[in-house]
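Novice: Let me begin by handing over the structure; questions about it come next.
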Amino acid sequence: MSNIDLDSGRARFEQATDFSVGLEEEFAILEPRRLDLIQGFERLRDGASEDPQLMESIAGELISSEIEIRSGRGDGHGAAIALQQGVRERLFALAAEHDLKLGATGTHPWADYRVQHIIDTEHYHRVEDGLKYVAWRNNTFSMHVHVGVRGADRAVQVCDALRPVLPLLLAISANSPFLEGRDTGLHSVRSQIFTKSFPRCGVPDAFGDWASFANYISFLVDTRSIVEYTQVWWSVRPHLAFGTVEVRVCDMQTTAAESAALSALVVACVAQAARDLDDGRPRHDLAPRLIEENMWRAIRYGLDGELLDLERAEGYPARAAIDRLLAWTEPMQAELGLRIEFPEANGAQRQRALLAQGMTLAEAYAATVNETEAAHAGSAQSTAEVN
């Protein structure tokens, strides 16, 4: 029996507060010396039981070598970042107490998915039973951004408007070039093994209004394709429980500054799409096949390649995606007080640069783990060493 209540979901959107923000980040749990993935979620969960704030903010995420932290609802982006940073510091301190480290890239560079354990929850047992190899193979880490959007039809239309934006956000956030002990040649192999493998994933159709969206979800329920809404894994979706537009396309970010910049850009994109809708600016929905061309380019080349201007059918340097999105969202950046600055190189580019400097894969990952720890752990940081 389904637990999906579309009427309650619609009511939440009708009462939602525009541009409230919530953040979710997925960290790899690591053995501290060799930095292998380790089954540590239950240890951290139990250790957090004496910290009510942390306990409320952590969650399991498919495998027991992964942990998610959630900011909760902030009135705006700055409030959500402040909440999330507090949770990060508590989590990193707890990990240190339990002789664990935390990684923040879209994939682990050499972990064997066959030895990872699915966590013991009803939801993830259902995911495993339904997907088998597809679930087992998905040892990935991402960042999700929730943005409040008032009005059910409006939220669906904002999701529609963001469809061609998703590949640009993926290219900017790409941070997973390595998998199974090798350079995959991709910039976001996380997207290839998750977005391209899971059902009901990737770029959704344009629905136009709540009724069309609800009809499709009802179809999935009536045909026993899903029993809970979280089995719809689209890269952008209306979130029924929170009254938010949830953007789920981004790789996990290595540093706090990158997380802040990327999440601010996502907030700006959602808010600008909503404002364009309110102002009656014309827009037409692009065919999925066109958007998929840019999705592949983002997966394969990240910011090193070219993306397509789908309206003009011409290419442009992928790095210019940042400037394009900043220019489009400038009005809402100003209205919401958002400051957005990205480093010269994203996570995938920096990881590859370490190999180009002569580091081994293990040494490069250790450097990345240290970068994360320095950004998130504050005075609790220490240096990762690889034996």
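The values are calculated or read from the model by the stated rules, or taken from the named source; none is laboratory data. From a predicted model like this one, the values you see are computed outputs, not experimental measurements. Cβ atoms come from the backbone with ideal geometry, glycine included; neighbour counts cover every protein chain shown.
Novice: Check the stretch 80-96 and report whether any residue there is more than 21 Å from the chain's Cα centre (by Cα), over 23 Å from residue 22 (Cα atoms) and not in a helix (DSSP H, G or I).
Specialist: Within the stretch 80-96 (the criterion being more than 21 Å from the chain's Cα centre (by Cα), over 23 Å from residue 22 (Cα atoms) and not in a helix (DSSP H, G or I)), the answer is no, since none of the residues qualifies.
Novice: Which of the residues spanning the stretch 31-73 are assigned to a strand (DSSP E or B) and under 18 Å from the mean Cα position of the chain (by Cα)?
Specialist: Initially, the stretch 31-73 is screened for residues assigned to a strand (DSSP E or B), giving 37, 58-61, 63-70.
Answer for the stretch 31-73, where residues must be assigned to a strand (DSSP E or B) and under 18 Å from the mean Cα position of the chain (by Cα): 58, 59, 60, 61, 63, 65, 66, 67, 68, 69, 70.
Novice: For the stretch 113-136, which residues satisfy the criterion of being part of a loop (DSSP other than H, G, I, E, B) and over 22 Å from the mean Cα position of the chain (by Cα)? Step through it out loud before you land on a result.
Specialist: Taking the stretch 113-136 as the starting set, the residues that turn out to be part of a loop (DSSP other than H, G, I, E, B) are 116-117, 119-121, 132.
Of everything in the stretch 113-136, those that are part of a loop (DSSP other than H, G, I, E, B) and over 22 Å from the mean Cα position of the chain (by Cα) turn out to be 120, 132.
Novice: What's the number of the condition residue 120 fails, among (1) modelled with pLDDT of 95 or more; (2) more than 18 Å from residue 237 (Cβ to Cβ)?
Specialist: All conditions pass for residue 120, except number (1).
Novice: To continue, here is another question. Show the residue pairs that are 6+ apart or on different chains and have beta-carbon atoms under 6 Å apart, the first residue being within the stretch 86-111 and in contact (Cβ under 8 Å) with a residue 60 or more places away in the chain, the second being among the aromatic types (Phe, Trp, Tyr).
Specialist: What qualifies is 102/27; 104/27; 106/141; 109/178; 109/365.
Novice: Select, from 275, 297, the only residue that is in contact with a Gly (Cβ under 7 Å, 6 or more places away or on another chain), charged (D, E, K, R) and surrounded by 14 or more Cβ atoms within 10 Å (Cβ to Cβ).
Specialist: Details: 275 fails: in contact with a Gly (Cβ under 7 Å, 6 or more places away or on another chain).
None of the others qualify; the one that does is 297.
Novice: Now a separate question. Please specify each residue of the stretch 316-332 satisfying the condition of being of a type outside the set (D, E, K, R), in contact with a helix residue (DSSP H, G or I) (Cβ under 9 Å, 6 or more places away or on another chain) and without any contact (Cβ under 8 Å) to a residue 24 or more places away in the chain.
Specialist: So the first thing to find is which residues in the stretch 316-332 are of a type outside the set (D, E, K, R), and the list is 316-318, 320-322, 325-329, 331-332.
Now narrow it down to the ones that are in contact with a helix residue (DSSP H, G or I) (Cβ under 9 Å, 6 or more places away or on another chain): 316-318, 321-322, 325-326, 328-329, 331-332.
Residues satisfying the conditions are 316, 317.
Novice: Looking at (1) part of a loop (DSSP other than H, G, I, E, B); (2) buried (at least 24 other Cβ atoms within 10 Å of the Cβ), find the lone condition where residue 147 falls short.
Specialist: Result: residue 147 fails condition (1) only.
Novice: Somewhere in the stretch 360-377, is a residue surrounded by fewer than 16 Cβ atoms within 10 Å (Cβ to Cβ), in a loop (DSSP other than H, G, I, E, B), more than 19 Å from the chain's Cα centre (by Cα) and not β-branched (Val, Ile, Thr)?
Specialist: no
Novice: Do any residues in the stretch 234-248 that are touching a residue at least 12 places away in the same chain (Cβ under 8 Å) and closer than 20 Å to residue 199 by Cβ have Cβ atoms under 9 Å from those of residues that are aromatic (Phe, Trp, Tyr) and crowded, with 24+ Cβ neighbours inside 10 Å, where the two are at least six apart or on different chains, and which pairs are they?
Specialist: Correct list of pairs: 238/13; 238/213; 240/13.
Novice: Tally the residues that are farther than 28 Å from residue 150 by Cβ, of a type in the set (Lys, Arg) and in contact (Cβ under 8 Å) with a residue 24 or more places away in the chain, restricting the search to the stretch 20-79.
Specialist: Residues flagged as farther than 28 Å from residue 150 by Cβ, of a type in the set (Lys, Arg) and in contact (Cβ under 8 Å) with a residue 24 or more places away in the chain within the stretch 20-79 amount to 3.
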